């Protein structure tokens, strides 16, 4: 697997773009789901710092040890 991303390394919370999808396997539903945005020169926010992640999260999950 090879990662192909464009990041703003001066600001990790800035935008990023990837030309393919979230799946590396051809024929899977998410193989090229990021391509339309990349082709239109759009980028998505990259949430890297905890304050931003907590503020922008749509859902949360709590992991508990097995009982």
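Only the coordinates and a few stated rules stand behind these numbers; no lab work does. All figures in this text were calculated on a predicted structure; none of them were measured in a lab. When we count neighbours, we look across all protein chains shown, and the Cβ atoms used for this are built from the backbone with ideal geometry, even at glycine.
General observations
- Remark on the chain: Rg and Dmax equal 15.0, 49 Å (Cα only).
- Cβ crowding within 10 Å, taken as a proxy for footprinting-reagent exposure, orders 63, 15 from fewest neighbours to most as 63, 15.
- The relative contact order of the chain comes to 27 percent, based on Cα pairs under 8 Å that sit 6 or more residues apart.
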